[in-house]
Amino acid sequence: MPTTRRSSNPVVRASGLCMPVLALIAGALLLPSSAAAGCSDVTPTRPGEVYLFRGLGNIYSAGPDEMAAQFSKLGMKNCVDNHLNWMQFADDILERSDQSDISYPIILIGHSLGARAAVSMANHLGKNGVPVAYVAMFDPVESTRVGGNVGEVVNYYVKIPLTNKLARSGEGFTGTIENVGLSGWSGVSHFNIDNLKRLQFSIYLRALYLSDSALLALSEEQDTESDVASSEPPEAPGPDE
């Protein structure tokens, strides 16, 4: 059953992370940031693909660019662009899925209209059989519904009277949704929520946890294949042997 909840806790729990991982994030955040539109040219050191989307006209959406730069420092492949361009990234993923050329987990992050784009991309990928591990939203402009093949959703939003910005479970959704209202935070608005380091940090934590989990699963799969290969009986000798 899907889980949907509202929370006052702004930090996503990322159990399983050790102190070296936290130190890695902290160290990356101390480095200078610079990011441009498009995909990073970083050589990945951990599995995962991160896609970040800005809001209307790329105005007041500096957070996705900043986070893209940090993901590069953390060794994760990433792309950042305007919310209107989500389909081109989805098409690329679907094309590569036919060739088994995707580095899981897939993580989608967006601010404002970019948050809606992240959900649209997640739903499109999910309908086409590509799982999305994590969707993080910064103050979407409207309520969203998340479909199947999506694992986790966190929605940080600014409460406005008579406005519904909640993320809800849609058809086929079996994951978890956490709606986090930030109305009690002084000075937080639609135009700066994506720049809040505390929220960004929680997303880095979860992304690294999911990446490390994927790496562990891949390692265990390779160990299993190796064990199976080593346990196969030798071929019977031929008549002249």
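Restricting attention to segment 103-120, does a residue exist that is within 22 Å of TYR60 (Cα to Cα), hydrophobic (A, V, I, L, M, F, W, C) and surrounded by fewer than 19 Cβ atoms within 10 Å (Cβ to Cβ)? There is no residue in segment 103-120 that is within 22 Å of TYR60 (Cα to Cα), hydrophobic (A, V, I, L, M, F, W, C) and surrounded by fewer than 19 Cβ atoms within 10 Å (Cβ to Cβ). Against the test of being at pLDDT 85 or above, farther than 21 Å from ARG54 by Cβ and either in a helix (DSSP H, G or I) or of a type in the set (A, V, I, L, M) (or both), the options LEU215, LEU199 yield a single qualifying residue, LEU215.
Quick one: in segment 46-77, of everything that is touching a His at 6+ places or on another chain (Cβ under 7 Å) and outside any strand (DSSP E or B), which residue is modelled with the lowest pLDDT? Show your work before the answer.
Within segment 46-77, the subset touching a His at 6+ places or on another chain (Cβ under 7 Å) is 53-55, 61, 63-64.
From the residues that got through so far, the ones that are outside any strand (DSSP E or B) too are 55, 61, 63-64.
Numbers: GLY55: 92, SER61: 84, GLY63: 95, PRO64: 96.
Among those residues, the one meeting the criterion is SER61.
Can you pull out the residues in segment 103-133 that are in a helix (DSSP H, G or I) and either within 20 Å of LEU208 (Cα to Cα) or without any contact (Cβ under 8 Å) to a residue 40 or more places away in the chain (or both)? Walk me through it before giving the result.
First, the residues of segment 103-133 that are in a helix (DSSP H, G or I): 113-127.
Scanning segment 103-133 gives ARG116, ALA118, SER120, ALA122, HIS124, LEU125, LYS127.
Could you list all residues from segment 83-102 that are of a type in the set (A, V, I, L, M, F, W, C) and assigned to a helix (DSSP H, G or I)?
Listed by number, the residues that qualify are LEU84, TRP86, MET87, PHE89, ALA90, ILE93, LEU94.
If you check ARG96, ARG116, which single one turns out to be under 20 Å from PHE191 (Cβ atoms) and of a type in the set (Lys, Arg)?
On the way: ARG96 fails: under 20 Å from PHE191 (Cβ atoms).
From the options ARG96, ARG116, the qualifying one is ARG116.
Scoring VAL80 on the criteria (1) in a helix (DSSP H, G or I); (2) in contact with an Asp or Glu (Cβ under 8 Å, 6 or more places away or on another chain); (3) in contact (Cβ under 8 Å) with a residue 40 or more places away in the chain leaves a single failure, condition (1). Within the span defined as segment 152-173, every residue fails to be basic (Lys, Arg) and within 16 Å of the chain's Cα centre (by Cα). On the given criteria, is ALA117 closer than 20 Å to SER202 by Cα and not aromatic (Phe, Trp, Tyr)? Spelling it out, it is not the case that ALA117 is closer than 20 Å to SER202 by Cα and not aromatic (Phe, Trp, Tyr).
Among residues of segment 117-145 being closer than 19 Å to LEU199 by Cβ and among the β-branched types (Val, Ile, Thr), the one that is nearest to the chain's Cα centre (by Cα) is VAL135.
The values are calculated or read from the model by the stated rules, or taken from the named source; none is laboratory data. All of these numbers come straight from a predicted model, not from anything done at the bench. All Cβ positions, glycine included, derive from the backbone under ideal geometry; neighbour counts span all protein chains shown.
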